[in-house]
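K.L.:
Quick one: structure below, then a few questions.
The values are calculated or read from the model by the stated rules, or taken from the named source; none is laboratory data. Because the structure is predicted, anything quoted here is derived from the model rather than measured. When we count neighbours, we look across all protein chains shown, and the Cβ atoms used for this are built from the backbone with ideal geometry, even at glycine. What goes into the accessible areas is simple: the full protein's heavy atoms, side chains included, and nothing from ligands, DNA or RNA. Shrake-Rupley method; radii C 1.70, N 1.55, O 1.52, S 1.80 Å.
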Amino acid sequence: MRSRLSFYVCYLLCLGLSLACLVCVCYWNSHWRGGFAWDGSGKQFNWHPVLMVAGLLVLYGNGAVIYRVPLSWRQNKLPWKLLHAALMLLAFILSVVGLCAVFGNHNAHKIPNLYSLHSWIGLAAVALFAIQWVSGMAGFLLPWSPLALRKLLKPVHVWMGVGILMLSVAAFISGINEKLFFVLAGGSNASQSYSSLPPEAVFANLLGVLIVAFSLLVLVILNNSHWQRPEPQMGEISYTPLPQEENQ
């Protein structure tokens, strides 16, 4: 009982931090960066951080811990698998649209693409995410997937999932810094430089702190063995339409 209470405290905190990250990135780009549009301007670029945070952080992180919810432990695992897959698919779609936003902005202003470490890390995270989703769909949801393949794929799936989250966090932090260095460069076009720590810089830095805190909490939930879905006990009946069902 105490373990479940601890889980729900962490889970609610996880949900709260993810919502805070989404609200903060939206506020930053609407209040200081001029809002949103889809016309090739800087307002189109503003969709990039919002969609990437919504996809690769909020939906991805919450989708990763969905199996840890004790409410799901005594239920058929198939609906939770479908929910997990749907959240991850939506996260991937938002991430791709976020990439389209930045590529469209760069192309409209003849800015080179994929020249920074931030862009390399971010693109690697999205590419691995695509591989992760397709392999997870083939290995865990298709009814003709053999049990041996599922057992082989499970640790790789878990390891890649954590790796994608870590790459995403690295991309978020480097992206926030890169953006602040560009827009708060000082000189004639800016009243304050990043080094003078104006309110926008403080707010964006705090967004980075929230992103790291949320990601660490997701890792805590995933790595706590007491919060893993228990293996079915002898004599328990598992109702599932998928053959060779295993726990994850």
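K.L.:
Here are some residues: 122, 42, 61. Which one is buried (at least 19 other Cβ atoms within 10 Å of the Cβ) and out of contact with any Phe, Trp or Tyr (no Cβ under 8 Å at 6 or more places or on another chain)?
P.N.:
122
K.L.:
Taking the range 155-165 only, how many residues are open to solvent by less than 60 Å² (accessible area, probe 1.4 Å) and either modelled with pLDDT under 90 or of a type in the set (A, V, I, L, M, F, W, C) (or both)?
P.N.:
Here the count works out to 4.
Residues checked against (1) surrounded by 11 or more Cβ atoms within 10 Å (Cβ to Cβ); (2) at pLDDT 75 or above; (3) in a loop (DSSP other than H, G, I, E, B):
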site	(1), (2), (3)
170	yes, yes, no
179	yes, yes, no
189	no, no, yes
205	yes, yes, no
211	yes, yes, no
231	no, no, yes
244	yes, no, yes
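K.L.:
Suppose we keep only residues that are touching a Gly at 6+ places or on another chain (Cβ under 9 Å) and surrounded by fewer than 15 Cβ atoms within 10 Å (Cβ to Cβ) within the range 98-115. Which one would you say is nearest to residue 168 (Cα to Cα)?
P.N.:
That would be 107.
K.L.:
Can we say residue 5 is at pLDDT 95 or above and either open to solvent by 20 Å² or more (accessible area, probe 1.4 Å) or not in a helix (DSSP H, G or I) (or both)? Give the steps one after another, and end with the answer.
P.N.:
Values: at pLDDT 95 or above: no; either open to solvent by 20 Å² or more (accessible area, probe 1.4 Å) or not in a helix (DSSP H, G or I) (or both): yes.
So residue 5 fails the test.
K.L.:
Considering every residue within the range 17-24, establish whether at least one is open to solvent by less than 10 Å² (accessible area, probe 1.4 Å), within 12 Å of the chain's Cα centre (by Cα) and at pLDDT 95 or above.
P.N.:
Within the range 17-24, the first condition is being open to solvent by less than 10 Å² (accessible area, probe 1.4 Å), and the residues that meet it are 18, 21.
Next, from what is left, pick out any that are within 12 Å of the chain's Cα centre (by Cα): 18, 21.
Restricting the remaining residues to those that are at pLDDT 95 or above gives 18, 21.
Within the range 17-24, one or more residues are open to solvent by less than 10 Å² (accessible area, probe 1.4 Å), within 12 Å of the chain's Cα centre (by Cα) and at pLDDT 95 or above.
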